[in-house]
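Worksheet for the structure shown next.
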Amino acid sequence: MSEVNLNQSFSTGETQNNKNYLLPLTAMTTLFFLWGFITVLNDVLIPRLKAVFDLSYTEAMLIQFCFFGAYFIVSLPAGMLVRKVGYRKGVIIGLTVAALGCCLFYPAAAVHQYSLFLAALFILAGGITILQVSANPYVAALGPVETASSRLNLAQALNSLGTTIGPIVGAALFFGGTGALINEAAQADSVKVPYLMIAGALLTIAIVFAFLKLPELHEHHGDETDVVAERPLREAKHLLMGVIGIFCYVGAEVSIGSFLVNYFADPSIAGLEEHAAAKLISYYWGGAMIGRFVGAYLMQTVKPWKVLVFNSAMVIGLLLLTVNTSGNLAMYSVLAIGLFNSIMFPTIFTLSIEGLDSQTSKGSGWLCLAIVGGAIVPLIQGFVADAANIQISFLIPAVCYVFILWFAFNVTKLQQTWQATK
């Protein structure tokens, strides 16, 4: 969920070609790993706080609402901030704000207030949003332009690694490796140390960046003599449908991950203890990491929209399977969704901005705002889980994937309509 379209050129100076960027690259890839790790910790934090505060599913999903709502609220101000202070300072500010959010988990646990946890999550996510705006072009700048793409792919791979191992570490820290914390359900202390450790790591990287000498970045604005009247983006139907597609995808992906621990604890599914169920989330996100490499290979020869059709149809089938079965079949079918989720975000993103030319950056901004789906869809699924049951609630993300399937089938025609009326 961190793919970003980059329309920048970088001026690094000829003398910088010989510089050793190993240290800043190491710091940046560590940063990508950390924000993937932090984001996926919510999937383990939700059942922990649900038990601590005796929350309904709807109330528990406020965790994702506050976290991903920050993307929608902070994205545009973050862009203005980064344009004013520059990318390096933007990274430092983002790290500092995220660390502050992590530190606020300590007083929230001390006073045992759920609202303070939500406030801490919002601040943490606000910091990560600033990092999203700053970090991708920074990675591209840390070395020769010719290898910028490979550096970005490495950073994204580290992000996926963070989402894969995060649930394992979170299960051990929040619940105890053998469920030792099960008798402390009335206390929220189990989240203090993990988030203080993350805060320390974020502040350490911020200090490293404060002392690193990094390339100067200059946005590419194109040739002023070639400026032509731009068509309103609202006429680009493939972009508008892509915005809805990103909303649906991020919302469904986050919502499924958010419910897995409680779903696997259901006696009709697996009846697992929370610490054991939390570890299984790694298979969901690990499948997404593997699928990203497989999808990248396939799309060298298969049209992206066809891969998107296949993957969305598979996810719909798996969701219908998990809703209508029980036991291991229901459990493993929902875990397998991660494998087919893998290529969806970047594929929907790139199909949506195709042909936008000079308005590509603006279109990309619209798509990034649609990440707010991660705040809304889990809340809707939580409401259904409370009103009916948790198994039936998985029909909500299924509806999201039905739209993605429709988008995949129709995006080529929508693109052609936009191109034909230029």
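The values are calculated or read from the model by the stated rules, or taken from the named source; none is laboratory data. Just so it is clear, the model here is predicted, and its values are computed rather than measured. Every residue, glycine as well, gets a Cβ built from its backbone with ideal geometry; the counts of neighbours run over all protein chains shown. In case anyone asks, the SASA skips ligands and DNA or RNA and just uses the protein heavy atoms, side chains included. Shrake-Rupley method; radii C 1.70, N 1.55, O 1.52, S 1.80 Å.
Among the residues making up region 87-118, those that are surrounded by 15 or more Cβ atoms within 10 Å (Cβ to Cβ) and either outside any helix (DSSP H, G or I) or in contact with a Cys (Cβ under 8 Å, 6 or more places away or on another chain) (or both) are Leu104, Leu118.
Is it the case, given these coordinates, that Phe409 is within 23 Å of Gly317 (Cα to Cα), open to solvent by 70 Å² or more (accessible area, probe 1.4 Å) and touching a helix residue (DSSP H, G or I) at 6+ places or on another chain (Cβ under 8 Å)?
Working: within 23 Å of Gly317 (Cα to Cα): yes; open to solvent by 70 Å² or more (accessible area, probe 1.4 Å): yes; touching a helix residue (DSSP H, G or I) at 6+ places or on another chain (Cβ under 8 Å): yes.
When the stated conditions are applied, Phe409 passes them.
Would you confirm, using the coordinates I've provided, whether Asp54 is in contact (Cβ under 8 Å) with a residue 40 or more places away in the chain and among the charged types (D, E, K, R)? It is false that Asp54 is in contact (Cβ under 8 Å) with a residue 40 or more places away in the chain and among the charged types (D, E, K, R).
Residue check: is Ile130 under 21 Å from Ala210 (Cα atoms) and at pLDDT 70 or above? So Ile130 passes the test.
Okay, residues lined up against (1) modelled with pLDDT under 95; (2) open to solvent by less than 70 Å² (accessible area, probe 1.4 Å); (3) more than 30 Å from Leu379 (Cβ to Cβ):
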| residue | (1), (2), (3) |
| --- | --- |
| Ala210 | yes, yes, yes |
| Leu217 | yes, yes, yes |
| Gly222 | yes, yes, yes |
| Pro232 | yes, yes, yes |
| Gly245 | no, yes, no |
| Tyr249 | no, yes, no |
| Val254 | yes, yes, no |
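Under the condition of being touching a residue at least 12 places away in the same chain (Cβ under 8 Å) and part of a loop (DSSP other than H, G, I, E, B), the residues counted in region 299-341 number 3.
When you go through Thr15, Thr29 one by one, which is the residue that is open to solvent by less than 30 Å² (accessible area, probe 1.4 Å) and at pLDDT below 80? Reasoning before the result, please.
Working: Thr15 fails: open to solvent by less than 30 Å² (accessible area, probe 1.4 Å).
None of the others qualify; the one that does is Thr29.
Just so you know, in region 283-337 the residues that are hydroxyl-bearing (Ser, Thr, Tyr) and within 19 Å of the chain's Cα centre (by Cα) include one that is surrounded by the most Cβ atoms within 10 Å (Cβ to Cβ), and it is Ser312. Counting only residues that are touching a residue at least 24 places away in the same chain (Cβ under 8 Å) and more than 11 Å from Val323 (Cβ to Cβ), region 381-398 holds 5 of them. Here Leu356 meets each of (1) under 25 Å from Ser160 (Cβ atoms); (2) in contact (Cβ under 8 Å) with a residue 12 or more places away in the chain with one exception, condition (1).
Tell me, yes or no, whether region 379-399 has at least one residue that is in contact with a Leu (Cβ under 6 Å, 6 or more places away or on another chain) and surrounded by fewer than 21 Cβ atoms within 10 Å (Cβ to Cβ). For region 379-399, residues in contact with a Leu (Cβ under 6 Å, 6 or more places away or on another chain) and surrounded by fewer than 21 Cβ atoms within 10 Å (Cβ to Cβ): present. If the condition is being open to solvent by less than 10 Å² (accessible area, probe 1.4 Å) and among the hydroxyl-bearing types (Ser, Thr, Tyr), then region 343-363 contributes Thr347, Ser352.
In the set Leu181, Leu173, only one residue is over 26 Å from Val74 (Cβ atoms), in contact with a Phe, Trp or Tyr (Cβ under 6 Å, 6 or more places away or on another chain) and at pLDDT below 85; that residue is Leu181.
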